[in-house]
Amino acid sequence: MRKTTIWPPIGILLIVIFNVAVFAALERQRRTAVAAIEIEAASTATLIEASVSEFIESSQRTLTGLAQLVSVTGAMVETPRPEVVAALTERRRASPALTAFLAFDAHGDLRLNSQGADFRGGNVADRPYFIHHRDTPSFQPLLGPPLRNRTNGTWIVPLTQRLETPDGRFAGVMLCGISPLHFVDMFDTLANEESTTIILRHVNGAVIASLPNLSTETEIPAPARNDPSIATRRHSSRYPVQVEVEINLETRLAPWRQERNAALVLALCGSVVIGAGAFGLRRQTLRRRQVLADLAETNARLEQRVQERTTQLQTTANRLQSFLSVAQDAVVVIDHQGLITEFNPAAQTLFGYEEDEVIRQSINMLMPPRYAATHDNYLAHARMQPARNVGRGREMVGLRKDCSEFPIELTVGTHRNGDTMIHVGVIRDITERKQAEARLTHLATVDGLTEMLNRTAFLEQGNRLLAESKGAPLAVLMVDADHFKHVNDTHGHAAGDQVLRHLATILRESARGADIAGRMGGEEFALILAQAPGNAAERVANQILNRVRATQVRLSDDCILEFRVSIGIAIGTEADGLEDLLSRADHALYAAKNQGRDRAVLAATD
């Protein structure tokens, strides 16, 4: 009787335990799959946000350099200077993702167009970015939501900056048009799964670009999905944009659902087998053994599926490793001790080392010795800090295997797993960018005819020299070519240019190491002599007069031109201010001309 009543409850208990085990295994598989998808979504969002921010920052630097060029060269005129238009056009050709560089005057009328279109079309005085820059006295660039370019009707993402006149008044807006399709190509490169949706959105809600379902016919819509999904959002810390990554769970969990259905069928069969075995145990011992065998087989199948899922996760990890292998930027991973653990092919090409030469070696081998101590202090500080996402890129100097140094841009992210911390560095060679910036700086600060500082650069460096003098006496010399108009009228402007170049050479050679020389405009030049009392300044001025008197400008085999200069000298200190010293030197210059020219006059001190 006891056997009749005890086996049915035991059979029921076994069925419950078996089904709980099956459903627990399925739930573990589902959670593991969802966790892997969440990690993938977060990593994709972080990577895209960093790539978008780096691209916008690069575009911002280009815009700022061109805006300075337009402001310094005075290009906002009815007929722009050809070299300025050529610089805009060349920069647009060098950056296919930047569809246009446009400059609008203070009334919103188009003055410069890198696309070569008729720049009289398209007034933008009603555009929000134009109103913002007109009413906000700041040179901070502004990234706006996508809009149609009124010059050609294409969609662009406007990156704009305020232009000012030399006296600080609003002069217009410089616009750099970014193509939304560039971001779509970026998304397509970084996300190769059809179940992944990527949206780049402006902070005001406008969609800049999305993958898939991108359209530029009327608006740029966001993809609409109603299926369950994993969504991750990353806000840029530097720009008014955010990246949204959504992975469709219906598609990604399809393999898991197939396993779940098969497991449910197996669970049902197992339950039937266990029940039949429990109720028929007394009559058939072999039947009970068969049920136990079926149970073992079911567990084996579940373990096999767990192993298959583990293999899938390993495949995902291998895919991430493949991404490191094909990444165009150098990627270097170091541990908390500063030892290199990952060194992708791009890094090998950039630094000239093979992977086995750097693995488990100190990261200091990739930087000049003067940076090593600073980097070691950074690692020591990072051990006490929490993990952080990818930080803003900073410029440093890299060291190749052949000991040559080169400029790099380094973006670092850290990750902590328990007591272990790793640092992931994305490194980019910025040699070409630095060379371009140097060329733009040269155009903005150096006079093209004489290769001397222009007026703006001279005043800037002069004020800095005055501030560093700490009360020591300085001398300001204003130098003007005598009868220069007569030279131009008699011999032509080409001869006048030769005179100016000869005079510039004499002034440069007369300047001492800490002195500053520049062209103030026309035939007028200026020198600032550091730590120079009156007698020293007069000595330099007389040297200049004597060298000019001894200079002959050969215009042709039978034509030699001589010229003379007048010099005004002012002596003062930091307290006088540069404008006052220039004014006094200018008055002394006119006194020299009134006294007969070809002489130097020292201004009276207050």
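The values are calculated or read from the model by the stated rules, or taken from the named source; none is laboratory data. Computed from a prediction, not measured in an experiment: that's the story for all the values here. All Cβ positions, glycine included, derive from the backbone under ideal geometry; neighbour counts span all protein chains shown. Just the protein is used for accessible areas: all its heavy atoms, side chains included, with ligands, DNA and RNA removed. Shrake-Rupley method; radii C 1.70, N 1.55, O 1.52, S 1.80 Å.
So is residue 160 open to solvent by 10 Å² or more (accessible area, probe 1.4 Å) and among the polar types (S, T, N, Q) or not?
No, not satisfied.
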Counting only residues that are under 18 Å from residue 397 (Cα atoms) and either charged (D, E, K, R) or exposed (fewer than 13 other Cβ atoms within 10 Å of the Cβ) (or both), how many does the range 353-377 have? 6
Reported set for the range 463-506 where residues are in contact (Cβ under 8 Å) with a residue 12 or more places away in the chain, under 40 Å from the mean Cα position of the chain (by Cα) and within 18 Å of residue 448 (Cβ to Cβ) is 501, 504
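Please tell me if residue 592 is farther than 14 Å from residue 507 by Cα, touching a residue at least 60 places away in the same chain (Cβ under 8 Å) and not charged (D, E, K, R).
Working: farther than 14 Å from residue 507 by Cα: yes; touching a residue at least 60 places away in the same chain (Cβ under 8 Å): no; not charged (D, E, K, R): yes.
No.
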Residues being assigned to a helix (DSSP H, G or I) and either of a type in the set (Lys, Arg) or open to solvent by 50 Å² or more (accessible area, probe 1.4 Å) (or both) - total across the range 584-606: 5
I need the full set of residues from the range 253-302 which are open to solvent by less than 50 Å² (accessible area, probe 1.4 Å), charged (D, E, K, R) and under 59 Å from the mean Cα position of the chain (by Cα), in order please. 259
Please verify whether residue 515 is surrounded by fewer than 13 Cβ atoms within 10 Å (Cβ to Cβ) and of a type in the set (Asp, Glu), treating the condition exactly as stated. no
Can you tell me which residue within the range 323-337, out of those that are at pLDDT 85 or above and not acidic (Asp, Glu), is farthest from residue 47 (Cα to Cα)? 334
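To keep it simple, each residue is scored yes or no on (1) of a type in the set (Asp, Glu); (2) buried (at least 21 other Cβ atoms within 10 Å of the Cβ); (3) touching a Ser or Thr at 6+ places or on another chain (Cβ under 9 Å); (4) within 17 Å of residue 592 (Cβ to Cβ).
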residue	(1), (2), (3), (4)
528	no, yes, no, no
542	no, no, no, yes
552	no, no, no, no
575	no, no, no, no
Residue match in the range 538-553 (condition: more than 23 Å from residue 453 (Cβ to Cβ), among the acidic types (Asp, Glu) and assigned to a loop (DSSP other than H, G, I, E, B)): no
So which residues in the range 98-133 are surrounded by fewer than 17 Cβ atoms within 10 Å (Cβ to Cβ), modelled with pLDDT under 85 and among the hydrophobic types (A, V, I, L, M, F, W, C), if there are any at all? 117
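Which one of these is out of contact with any Phe, Trp or Tyr (no Cβ under 6 Å at 6 or more places or on another chain) and closer than 21 Å to residue 446 by Cα: 584, 539, 501, 554? Even if it seems obvious, please write down each step before you answer.
Values: 584 fails: closer than 21 Å to residue 446 by Cα; 539 fails: closer than 21 Å to residue 446 by Cα; 554 fails: closer than 21 Å to residue 446 by Cα.
Result of the check over 584, 539, 501, 554: 501.
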Test of understanding: among 420, 441, which residue is at pLDDT below 90 and either open to solvent by less than 60 Å² (accessible area, probe 1.4 Å) or within 23 Å of residue 343 (Cα to Cα) (or both)? 420
Do any strands (runs of 3 or more DSSP E) entirely within the range 205-251 hold 2 or more residues that are among the basic types (Lys, Arg) and modelled with pLDDT of 80 or more, and if so, which? 229-235
